[in-house]
Every structure is written in structure tokens, then in C-alpha cells.
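Beneath this line is the structure, given in C-alpha cells, with notes to follow.
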Amino acid sequence: MSNKPRNICVTYFLVTGHLVSQVHSLVEFTNIKCETIDKNFCDFEYCYLKSINRSYKYYSLKVNLFKLPIINAQINMELFKRGNGYHPFLYNTTFDFCKFLKNQKSNPVFGYFYNILKSFSNVNHPCPYHHDLVVEKISTEFVNNQVTKVLPFPEGQYMYKMRWMTYNIVRAEFRIYLSLS
Ligand SMILES: *[C@@H]1O[C@H](CO)[C@@H](O)[C@H](O)[C@H]1NC(C)=O
Ligand SMILES: *[C@@H]1O[C@H](CO)[C@@H](O)[C@H](O)[C@H]1NC(C)=O
């Protein structure tokens, strides 16, 4: 089954926000999960969500890579919304990450997430990667500013899942659980 029409629809939705008229004010990280699928390839040195106080919460993670350099990478990105359990929500796509880094306009939806990520991470350069990957202290507050200004989603509980691949083999999985109110 093709995902194309859905992706065009969601791109429109994400870029314009026209399908939802309400603007929500609060994003909360509720959990993150990092899972190594191929332990010969990589492992998480750390991966946690930390609450400093009610208004300041952040997550950090570090991935050790054992097969450097990385010259080939794909990402599968999938969004779930919670109803009775988590259900696929609008978006499930796989793309070439190294190509994306060369032309970030090629994938506006991931570009949106990447823009949030890049200033907190050493992932912010084109392939190849010769080093471990670090994401430091992406805070709720920062994501809030980005999300509520640019991307009004319907309120609810979401899970955003990324599968990291090289040569189309899944090496690790990252999930972040969010609530939007
Ligand atoms: C929460 O913690 C941050 C970081 O330590 C601090 O800057 C902020 O003032 C704190 N907010 C409250 C409401 O205590
Ligand atoms: C989303 O796409 C991935 C990769 O094609 C696939 O493995 C996964 O099963 C899909 N998810 C759903 C809910 O169909």
C-alpha cells in the first residue's frame, strides 16, 4: 500500500496547519525510549528524560557507533496518536538521511524535526559521520515554542518513533512520547 497521498496530505497539514484551527499551548514530554537493535553496530551510552521543575524538562541521549565512518543512513519516521492504545497517525515514511542532509528542503516534515534537533546535537553536518552522536538537553520549553508557533496539532497523546538504519538494516529505535494540551 502506498503512503504517498497521506504524506502529501500531512505535509500540507504540517506546513500550513489548515486542517486544525485551534492553537494549543503546551507540549509535555512524557517519556523517551532508546533501543539498540544491532549491538554490533551501536549502543546507547545514555538516554533519559529529566525534570528539573514544572517548567523545565529535557531529554539527552548519546549513541556510540562501532562501525565508523557512517556514509549511508536511512530513517523511518512514524507518528502515533493515542486512543485505545497507540495508533498510526497520518505519517509513516522512510527516507535517505545522508541525502536529506545535502538538501534539507527535500523533506519538509523531517526538516521540521531536524530544525529542532540540530542546535542541540552534533548530528548537524553532512555525512560521513566519524563520531558518536549526541543530543543534549532538548527542552520542553524549546519544543513548545517551535511547535505551538508553527505546527498546531490536535490535542492528545502522541508517540513519535524513529528507526535508524544503515544499508536499510534497522540498527536502533528511538521513541518519544508527548502530550499536547
Ligand atoms: C526551572 O529550572 C530552570 C533551570 O534550572 C530555571 O532557569 C527556572 O527558573 C526554573 N523555573 C522555576 C519556575 O522554578
Ligand atoms: C511503517 O513503515 C515501516 C517501514 O516501511 C514498517 O516497518 C512499519 O510496519 C510501518 N508501520 C505501520 C503501522 O504500518
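Considered as a group, the residues in the stretch 72-91 that are open to solvent by 70 Å² or more (accessible area, probe 1.4 Å) and in contact with a strand residue (DSSP E or B) (Cβ under 8 Å, 6 or more places away or on another chain) include one that is farthest from ligand 2 (Cβ to nearest atom), and that residue is ARG82. Considering only residues in the stretch 92-149 that are farther than 17 Å from ILE70 by Cβ and of a type in the set (Phe, Trp, Tyr), the one that is least open to solvent (accessible area, probe 1.4 Å) turns out to be PHE110. Residue check: ILE138 meets all listed conditions (1) within 12 Å of the chain's Cα centre (by Cα); (2) farther than 17 Å from LYS33 by Cα; (3) within 16 Å of ligand 1 (Cβ to nearest atom) but one, namely (2). Checked against the criteria, PHE153 does not count as free of Cβ contacts under 8 Å to residues at least 40 places away in the same chain and buried (at least 16 other Cβ atoms within 10 Å of the Cβ). When restricted to residues that are at pLDDT below 95 and not in a strand (DSSP E or B), the stretch 13-66 contains 16. Among all positions in the stretch 158-177, there is at least one residue which is open to solvent by less than 60 Å² (accessible area, probe 1.4 Å), over 12 Å from the mean Cα position of the chain (by Cα) and closer than 16 Å to LYS62 by Cβ.
The values are calculated or read from the model by the stated rules, or taken from the named source; none is laboratory data. A quick note: this is a predicted structure, and the numbers were derived from the prediction, not measured. Counting neighbours? That spans all protein chains shown, and the Cβs are built from the backbone with ideal geometry, glycine included. Ligands, DNA and RNA are excluded from the accessible area calculation, which covers all protein heavy atoms including side chains. Shrake-Rupley method; radii C 1.70, N 1.55, O 1.52, S 1.80 Å.
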